[in-house]
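To start, the structure itself, in structure tokens.
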Amino acid sequence: MKVGFFRALWGSCSGTAVFEQLKQQKLLTAIWHFVLMSLICAFFMWQGVYPALKQLTDSSVQVFAENCGTLVLGADKFEPLRHPNRARVFTIAGPVSVTYLPENAETLPENYQQECSTGIIWSGLKIGAWVKHSDRDIDFYSEMGRKVVKVDSDAALLDALRKSQAAVNTKLLVKSGKTVQFTTEDIKNWFEIILKLSVGSIIFIHIAQIVFYILVFAVVSLLMNLGRKRYFSFKELIVLAIYAGFPAMIIGSAAEALQLPGLNFDVIYVLGMTIYLIIVMNRIEYNRQKRQWQQENLQ
């Protein structure tokens, strides 16, 4: 007998009785229910996470606009339109230090770190990020994070930036000889697109990890029962794991949406699904043995 989505959701969250029927559910039906549940959880996570991050992004764009204003991209430059020969140091949400240097700058500003452990440094077409572990242990990331250089001083950090490749491709601008200007509104739109892609990617990764955990649990359960009589097929293990994970998905999504400190979606799901699935499997096995015992007594 097919169990509908809402009955499966309510039943899996209110007890173990429904799992006797869910065990017989077709795999494609269970997968479809998992997709629906994932969409519901993704919606709630998005509603909780995105507005908070957007607020931080908007405040960062505002700080960036106040310090740099409109940006100009040319064949050999990427700089603020206003006072391009003046160095700038400011802090955006994170906190992350942002440092702009004219191309002829010989040293970094004394206060470029702004008491932050991470920062962005930018000069001409070259952009990099640094992560400070200690005063003499700094990682410099360039080329979109593909290259990492260990530096031990401000001079070495500036030298690493100078030696890095340009972060912006200006081949078309070189041919045309034109420049492009990016207003504060353009920058805000960039950040919003990046933010949406980032939040969407995080949610997608959570869902992909759930699929991985389900498969791992099913495979491990089969391996642990090698050489012994199996009461659950591989398909039944996957179906049971899908539905046993529903309560944990709800709790994990709520924790992510509310941004509760110390609570992580993956940890909540792994612990919740595993413990609940073990309880469900034990209950199904207990009921099977009970029926078998009753039949033996009747004979």
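Remarks
- Only one entry of S201, S233 meets the criterion of being surrounded by fewer than 16 Cβ atoms within 10 Å (Cβ to Cβ), hydroxyl-bearing (S, T, Y) and at pLDDT 85 or above, and that entry is S201.
- Breaking point among (1) part of a loop (DSSP other than H, G, I, E, B); (2) in contact with a strand residue (DSSP E or B) (Cβ under 8 Å, 6 or more places away or on another chain), for S60: (1)
- So F44, is it more than 17 Å from L277 (Cβ to Cβ), under 28 Å from the mean Cα position of the chain (by Cα) and touching a residue at least 12 places away in the same chain (Cβ under 8 Å): yes
- Within the stretch 116-125, one or more residues are under 17 Å from V96 (Cα atoms) and not in a strand (DSSP E or B).
- Among residues of the stretch 114-125 that are farther than 13 Å from I138 by Cβ and at pLDDT below 80, those with a Cβ under 9 angstrom from a residue that is buried (at least 19 other Cβ atoms within 10 Å of the Cβ) and not β-branched (V, I, T), sequence gap 6+ or separate chain, pair up as G124/F78; G124/E79; G124/L101; L125/F78.
- Just one of the listed residues (G15, G48, G94) is at positive phi, of a type outside the set (A, V, I, L, M) and assigned by TED's automatic domain parsing to the domain that holds A255, namely G15.
- So A129, is it touching a residue at least 12 places away in the same chain (Cβ under 8 Å) and within 27 Å of A75 (Cβ to Cβ): yes
- Test: residue in the stretch 76-89 that is of a type in the set (D, E) and part of a strand (DSSP E or B): yes
- The set of residues in the stretch 227-282 being in a helix (DSSP H, G or I) and hydroxyl-bearing (S, T, Y) consists of Y243, S253, Y269, T274, Y276.
- Restricting the stretch 238-271 to residues that are surrounded by fewer than 19 Cβ atoms within 10 Å (Cβ to Cβ) and free of Cβ contacts under 8 Å to residues at least 40 places away in the same chain, the residue that is farthest from the chain's Cα centre (by Cα) is L271.
- Scanning the stretch 1-28 for residues that are in a helix (DSSP H, G or I), among the polar types (S, T, N, Q) and over 28 Å from the mean Cα position of the chain (by Cα) yields S14, Q21.
The values are calculated or read from the model by the stated rules, or taken from the named source; none is laboratory data. Bear in mind the structure is a predicted one, so any value in this text is a computation, not a measurement. So basically every Cβ, Gly included, is an ideal-geometry build from the backbone, and we count neighbours across all protein chains shown.
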